[in-house]
Amino acid sequence: MLSFLAIGLYKDSLANEVRNAWANSDLVYVQLRSVNVSGESCLVEGLTLRRDAATFKFKQGEFHFLGAVEGRVTGAVFLGDGEFEFSPSQSVEQRHLGLLTGKPSIQERFSKLLLRFTDATAEEIKIERSPKSGSPSSTARNVLENYRKMLRKGKASSGVNLDARILTDLTWQGQSGFFLAIFDGKQFGDMAFAIDPLGHPIVAPEEVTLSLFGETNYGLWAATHLKEHYASPGADDETHQLVDLVHHKIATTAKGKHLAAVVETHFKAVAEGARVLPFDLFSRLRVSRVKDGQGRELNFIQEDKEEDAALSVILPQGLKKGEEGSLTFEYAGDEAVSDSGGGNFTLDARDNWYPNSFFGDRATYDMTFRIPKSLSLVATGQLVGESHEGDFLVAHWKSDIPLAVAGFNYGRFKKSAVQDEKIQYTVETYANREVPDFLQAARALDETLASLNTTHMMEKARSEAQAAMQLYTRMFGPLPYGRIAMTQQPYFSFGQAWPMLVYMPVIAFLDSTHRHALNMDATDFVQYVSAHEVAHQWWGHIVGWKSYRDQWMSEGFSEFSASIFAQAVYKNNQFIEFWKKQREQITQKNRFGFRPIEVGSVTMGYRLNTAKTGSITRDMIYPKGGFILHMLRMLMFDSATGDQRFGAMMQDFIKTHYNQNVSTLDFQRAVEKHMTKEMNLEGNGKMDWFFRQWVYGTALPSYKLDYSLDPAIDGKVKLRFKITQSNVDDTFLMRVPVYVDFEGNLQRLGTVPVAGNTTTKEIEVMLPKKPKRVVLNGWEDVLAVTQ
């Protein structure tokens, strides 16, 4: 068995032993890791390399090739005068580039470039040219070393071990096509263009990316599928998964900040021929051994925790598609768990404390935990049993329902549990008996905090979760899990939901007096964090997302769910106020001068966070994703049947994709299945107009209402009004709601279809009496500015 726990393992005295132990292609990784510029070079003038939507023009200069690995050249350094051009094939990406550069494409000059590849780039450069041999260029070697450092542990690192990725192709018969160019852009700084046929790990399954690394330009500026993938249907359902993980048997011990585990992972091969399997494991957890199902020790790759720590397992031969197998991992390390004092622990490596492929690779779990016996533990799944062994509590948890992810929380907990007979569900609450050290310190400084104790607010946390569970079960349908645990974590600013297990911020367990004393009122956040996180049991778990393009549904639909919680618990005024604040969040400029709504489509996800735009994604996909569902609800609302049509659509969507990952297109199909005739604004039975504008677009329409009220016979009143829509393109369509206010009671009169930048014809309506006022968008039905 060989493990690469540090680069020094093969650079220093152990190098010979490593090389002798590796057999055949396993030696390739060692060679890839240390490959350098050779003495082979090639002068070029007027060479053009085209890769998908990118073009590299090498006007004049010299290529210096890396040394061959097992007879194959996998890289080269260019020194000279070159130009890069890239125009993404998708309009949403062109628009995003336009926001960042002022143009829908990018042109950049460069003088230094590193290429790494498994395609025929070397042959393409050399063809009809005569490479020469000589001493290796020291300048080219410096370029290689500088970019290698950037890619391994610097600002260009993306959590991918480049050498292991190249090894994947070299050990997989018939697999090729990987291409990476990283270069010194003269206008925007260092950047990388990449094509990975297996999908870039950050934006998988998309294969084409443009990343920038400068302090003022940092970000993933573009990502698409290969152009030919859009030419045929199915790109939406594309996957580059190598194996499907189906079951994890986990035995773990947690004590203090240390976590040790043995994990037996069962899988089914999805791809034919793969030998190098990547896994996501927290970098501080160091693997000591990997075995296959026959007990044979396998080679694996795990570099230093600060440099290329991504884990890969090397199989002795390529997998057969459909083949079933298992791997057993042994590992341990610190920092996956944090200790905040007072018995407050939390799992920081939330989704990679065990070797996983990606969030949402659904599997069943059999988990045994050992923790100090003075503590208690709660996990995803069902508790099978608990016992004591010496100084340890041993807890056995199991899930026969495939889960998107598994996790646990533990501490010196007090537990409360209620069985809700209406929905046949158990709602549990766990709060620590002692507060974390940082709150202990605050308590010592302020007598107002003398009574600070998070267990006092347990029932509030439980009752809010129970109310949300009842409400969402009626609206979206029942869950299969049977229980949910609301558990305290020692962090203030966020919550997180795993199946059956919610990590709640400690601030949610503090009353308003204590929050005020700590200068942490955060009323809105505390009011809705439970409702939002509970909703993830539906949006994120029973229905997950296929790719980062679809994650907006998980967060947006959970934010929408919090709004119907607001309406049910705090009534209509608070519901309207909820959406007003959501609109303000989307439309207010951040410190970089950008409004979240204008930065990009919700389908671009966390890629929208760049050095130019700031961390803007949270302020866009949560509220706008919620608004998208809110607008559909309002469009489908019926005064006689209320939310019946909308609820039927949402329940059908869940039943159709039960315990599956879905795409945005899947959701559009569900909407089209249940759309009303009033929603058929293009007359084709499709909702393209809505998704084009609100999901993929960035428009924020403005509305103005002009109206008059005139007396009519029998005490009635004649309403005459016109609606003006502006700040949109000529294809923009929307049904705009009109409300009348009778003594503080807003009643929807109806909706009016409006197209483009226009004013409707005058409309007349007879009212039974004079209203206090007539308004548009009375319930924030449309994400818009209303005058």
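The values are calculated or read from the model by the stated rules, or taken from the named source; none is laboratory data. Given the structure is predicted, the values throughout are model-derived calculations rather than measurements. All Cβ positions, glycine included, derive from the backbone under ideal geometry; neighbour counts span all protein chains shown. The area values use the complete protein model at the heavy-atom level, side chains included, leaving out ligands, DNA and RNA. Shrake-Rupley method; radii C 1.70, N 1.55, O 1.52, S 1.80 Å.
Structure notes:
- Computing volume of the Cα convex hull per residue in Å³ directly from the structure and comparing it against (1) 170; (2) 327; (3) 185 singles out (3).
- Length gained on full extension, Q90 to K373, computed as 0.36 nm times the residue gap minus the Cα-Cα distance: 96.2 nm.
- Computed with every protein chain present, the accessible area of W779 is close to 50 Å² [probe 1.4 Å].
- Under the combined filter of DSSP loop state and at most 15 neighbouring Cβ atoms within 10 Å, the stretch 696-787 retains these GluC sites (Glu not before Pro): E743, E762.
- Accessible surface of H225 - all protein chains present, 1.4 Å probe, nearest 10 Å²: 10
- Label-point gap, in nm, between E306 and D511 - each point 7 angstrom along Cα→Cβ: 4.8
- S493-D710 FRET efficiency (beta carbon distance; Förster radius 56 Å; 0.05 resolution): 0.55
- Each part reduced to its alpha carbon centroid, the stretch 724-774 and the stretch 163-241 end up 47 Å apart.
- Using the average count of surrounding beta-carbon atoms within 10 Å as a protection proxy, the listed peptides 639-652, 201-214 rank, highest first, as 201-214, 639-652.
- Projected label points at M520 and L43, each 7 Å from Cα along the beta carbon direction, are separated by 6.8 nanometres.
- Accessible area of M150 in the full protein assembly, 1.4 Å probe (Å², nearest 10): 30
- Degrees separating the helix 458-476 axis from the principal Cα axis of the chain, which is the longest one: 80
- Per-residue HN-Hα couplings for the stretch 655-663 [Karplus 6.51, -1.76, 1.60; θ = phi - 60°; Hz; x = Gly/Pro]: 4, 5, 10, 4, 6, 10, 9, 10, 10
- Other-chain or far-sequence residues with amide H under 5 Å of N36's (modelled H): G67
- Relative contact order, percent, the chain [alpha-carbon distance under 8 Å, six or more residues apart]: 7
- Sequence-distant residues sharing a close amide H with V785 (under 5 Å, placed H): S702, Y703
- Built amide H within the under 5 Å cut-off of D420, gap 5+: Y425, T426, V427
- Straight-line reach from K321: taking Cα to Cα under 29 Å and skipping same-chain neighbours fewer than 8 places apart, the lysines in range are K227, K249, K268, K291, K398, K546.
- Straightening the chain between S463 and E145 buys 108.7 nm, computed as 0.36 nm per residue apart minus the Cα-Cα spacing.
- Peptide packing for 400-406, 291-297 was compared via the average number of neighbouring C-beta atoms within 10 Å per residue; ordered from the highest value, the list is 400-406, 291-297.
- Whole-Å distance, taken between Cα centres, linking the stretch 386-465 and the stretch 545-609: 29
- Karplus-derived HN-Hα couplings along the stretch 574-587 (A = 6.51, B = -1.76, C = 1.60, θ = phi - 60°), whole Hz, x at Gly and Pro: 5, 4, 5, 5, 4, 6, 4, 5, 5, 5, 4, 4, 6, 9
- For the chain, the solvent-accessible area works out to 40 Å² per residue, with a probe of 1.4 Å and every protein chain left in place.
- Apportionment of accessible area to carbon and sulfur, the stretch 287-414, percent (1.4 Å): 44
- Couplings 3J(HN,Hα) for the stretch 186-202, derived from phi with the Karplus relation 6.51 cos²θ - 1.76 cosθ + 1.60 (θ = phi - 60°), are 6, 9, 10, x, 4, 8, 9, 10, 9, 10, 10, x, 8, x, 5, x, 6 Hz, where x marks Gly and Pro.
- Between the beta carbons of E128 and N36, assuming R0 = 45 Å, the FRET efficiency works out to 0.95 to the nearest 0.05.
- Relative contact order (percent, whole number), the stretch 523-640, Cα cutoff 8 Å, 6+ residue spacing: 28
- Per-residue extension of 0.36 nm, minus the Cα-Cα distance of E70 and N745, leaves a gain of 235.2 nm for this segment.
- Cα pair distances in the stretch 245-285, grouped into 10 Å bins until the bin that holds the longest one, percent each: 20, 46, 26, 8, 1
- Orientation-averaged projected area, Cα convex hull of the stretch 262-308 (nm²): 4.1
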